[in-house]
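The block underneath contains the structure these notes are about, expressed in structure tokens.
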Amino acid sequence: MSALLEAFASAFDALPAREAAGLGQTRRAALDAALRDGLPGPRTEAWKYTPLRALERRAFAAAEAAPAAFDAAAVAGIPAPRIVFHNGRFDAVHTDLSDLPAGVSLQPLSQVLAAGDAREANFLARRFERADEVFARLNAALADEGAVLRVDAGVRAGTAVHLVFVGSPSEGDRAWHLRHLIELREGASLTVVEHHLASDIHNHLGNSLTHVHLAPDAQLSHARVQDEALGATVIARTDAVLARAAHYRRLDLELGAALSRHELNAALHGEGAHVHANGVLLATGRRHLDTRLGIDHVGRDTQCELVWRGLGAGRSRAAFHGGILIREGADGSNADLSNKNLLLSEGAEIDTQPVLEIHADEVQAAHGATVGQLDANALFYLRSRGVPAETARALLTAAFCRETVSVLEDEGVRAMLEVRLNLALERLQPS
């Protein structure tokens, strides 16, 4: 057994909440499955672009019960209502729920588990059958904290809710496993922003799994900004299920961490369900970014629009998998994927894999991917008008990424994320 899995097995034995809400047997089964199948190797298709040899040799201690305070400046620009987690633990000091809209419930998972109501925690009982879902299994076994967000039927919240996750140095490298639920009942609408940030340099591992449940006619705008420390490891997964006429708008900005892996899965079960998911992968230095999309068209007249942009600089590597499945009976589906990438240095690598599988009639589907360099003609045009070379490159790369942010309708949230993206682009070193 690898050092990583041994450390997680030890953490399970010391987990105070492992029996809470009647989940003891489910947790044990998830851990046993993870230990039995082990970490995926290079021959595992879903992990072939992200080798885990270096990670499997590391042993992370469990998150501290009460981590030390961190610099409040890390969350100073994030408005209320917000819930804050620091090194995997709920932080009541920096949490501010005073402006939470009526009909919106937000609480830490630790409180749900402490209450012991199995119905409120039933999303934790999900099983993961595939051997390559090892981190989801580990999350199922070890998650004892997270955000539980529910919106009542018909509530159209005009205020964005912020979920904030801050990493900071501690004694030794730590690992935490967070489980989140975002549930909108029929006709509800909400904007949610996830902030994954660092208040200082650290080398921790965060393993998170988010469930998104959208009832008929629900509308969710969901942004996720990953700007963790350059030594951090981020393993994340989002599973969304959409009912009839539900609309899921999504933006992912992958800007930080040494190793970042995110799976975004959306199952469009209801007729007329629609997902519009955009993202930016910003790989610099020796960072490794891996993003996998899995869009499953089940109902009739469902639609997905996917616009993703990647930048590779230094000796970094970015991998993108855009998978679209249109099942039998999903007639009238419309699917569109665009993944364009720029290589800004000779040492960078970008791997892109668009996949389209169709088993229905009368569908519209298109997917495309490109990997190239900045347009020489555009550079020449700007240079010929007196724009310095470095400024010209910055202008073109910013324009290349900015169209993804337009998926968000909330102008305040969009402006906030544009600032975060621009700051990350300013750190970009082409060579």
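The values are calculated or read from the model by the stated rules, or taken from the named source; none is laboratory data. Quick caveat: nothing in here was measured; it's all calculated off a predicted structure. Methodologically, a virtual Cβ is constructed for each residue, glycine included, from the backbone with ideal geometry; neighbour enumeration extends over all protein chains shown. Protein only, heavy atoms only, side chains kept; ligands, DNA and RNA dropped before computing areas. Shrake-Rupley method; radii C 1.70, N 1.55, O 1.52, S 1.80 Å.
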**Q.** Residue, nearest to Ala160 (Cα to Cα), within region 402-431, restricted to residues that are touching a residue at least 40 places away in the same chain (Cβ under 8 Å) and charged (D, E, K, R)
**A.** Asp410
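Table: residues versus (1) at negative phi; (2) part of a loop (DSSP other than H, G, I, E, B); (3) among the hydrophobic types (A, V, I, L, M, F, W, C).
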residue	(1), (2), (3)
Ala92	yes, yes, yes
Arg137	yes, no, no
Ala141	yes, no, yes
Arg150	yes, no, no
Leu163	yes, no, yes
Ser170	yes, yes, no
Gly187	no, yes, no
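Regarding Asp239, is this residue surrounded by fewer than 23 Cβ atoms within 10 Å (Cβ to Cβ) and part of a loop (DSSP other than H, G, I, E, B)? Reasoning before the result, please.
Details: surrounded by fewer than 23 Cβ atoms within 10 Å (Cβ to Cβ): yes; part of a loop (DSSP other than H, G, I, E, B): no.
No.
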Q. So which of Ala54, Ala46, Ala62, Ala68 ends up being crowded, with 16+ Cβ neighbours inside 10 Å, closer than 19 Å to His204 by Cα and of a type outside the set (Lys, Arg)?
A. Ala62
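Among the listed residues Gly368, Gly386, which satisfies the condition of being open to solvent by 40 Å² or more (accessible area, probe 1.4 Å), modelled with pLDDT under 95 and not in a helix (DSSP H, G or I)?
Working: Gly368 fails: open to solvent by 40 Å² or more (accessible area, probe 1.4 Å).
One residue alone meets the criteria, Gly386.
Given the condition aliphatic (A, V, I, L, M) and either over 14 Å from Val164 (Cβ atoms) or open to solvent by less than 40 Å² (accessible area, probe 1.4 Å) (or both), answer yes or no: does some residue in region 88-99 qualify?
Within region 88-99, not a single residue is aliphatic (A, V, I, L, M) and either over 14 Å from Val164 (Cβ atoms) or open to solvent by less than 40 Å² (accessible area, probe 1.4 Å) (or both).
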Q) Consider Asn265 against the criteria (1) open to solvent by less than 10 Å² (accessible area, probe 1.4 Å); (2) within 18 Å of the chain's Cα centre (by Cα): it satisfies all of them except one. Which criterion is unmet? A) (1)
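I'd like the full set of residues that are surrounded by fewer than 21 Cβ atoms within 10 Å (Cβ to Cβ) and either of a type in the set (Val, Ile, Thr) or farther than 19 Å from Gln364 by Cα (or both), limited to region 299-322. Full working, then the answer.
From region 299-322, those surrounded by fewer than 21 Cβ atoms within 10 Å (Cβ to Cβ) are 300-301, 303, 305, 307, 314-315, 317, 321; that's our starting set.
Selection gives Val307, Gly314, Arg315, Arg317, His321.
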**Q.** Pairs with Cβ under 9 Å, 6+ apart, first in region 203-220 and open to solvent by 10 Å² or more (accessible area, probe 1.4 Å), second in a loop (DSSP other than H, G, I, E, B) and of a type in the set (Asp, Glu)
**A.** Asn203/Asp173; Gly206/Glu228; Ala215/Glu186; Pro216/Glu186; Asp217/Glu186
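If you check Leu39, Leu35, which single one turns out to be assigned to a loop (DSSP other than H, G, I, E, B), under 24 Å from Leu259 (Cβ atoms), modelled with pLDDT of 95 or more and not acidic (Asp, Glu)?
On the way: Leu35 fails: assigned to a loop (DSSP other than H, G, I, E, B).
Being assigned to a loop (DSSP other than H, G, I, E, B), under 24 Å from Leu259 (Cβ atoms), modelled with pLDDT of 95 or more and not acidic (Asp, Glu) holds for just one of Leu39, Leu35, which is Leu39.
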(Q) Looking at region 348-363 only, could you name the residues that are of a type in the set (A, V, I, L, M), over 25 Å from the mean Cα position of the chain (by Cα) and open to solvent by 30 Å² or more (accessible area, probe 1.4 Å)? (A) Ile358, Val363
(Q) Quick test of your reading of the structure: Ala17 fulfils all but one of (1) at pLDDT below 95; (2) out of contact with any strand residue (DSSP E or B) (no Cβ under 7 Å at 6 or more places or on another chain); (3) surrounded by fewer than 16 Cβ atoms within 10 Å (Cβ to Cβ). Name the failing condition by number. (A) (3)
Q | Leu230 vs. criteria under 22 Å from His86 (Cα atoms) and either charged (D, E, K, R) or surrounded by fewer than 21 Cβ atoms within 10 Å (Cβ to Cβ) (or both) | A | yes
Q) For Ser345, all conditions in the list (1) surrounded by fewer than 23 Cβ atoms within 10 Å (Cβ to Cβ); (2) at pLDDT below 95; (3) outside any loop (DSSP other than H, G, I, E, B) hold save one; what is the number of the exception? A) (3)
Q: Tell me which of these Asp200 doesn't satisfy, since it passes every other one: (1) surrounded by fewer than 20 Cβ atoms within 10 Å (Cβ to Cβ); (2) charged (D, E, K, R); (3) in contact (Cβ under 8 Å) with a residue 60 or more places away in the chain; (4) assigned to a strand (DSSP E or B).
A: (4)
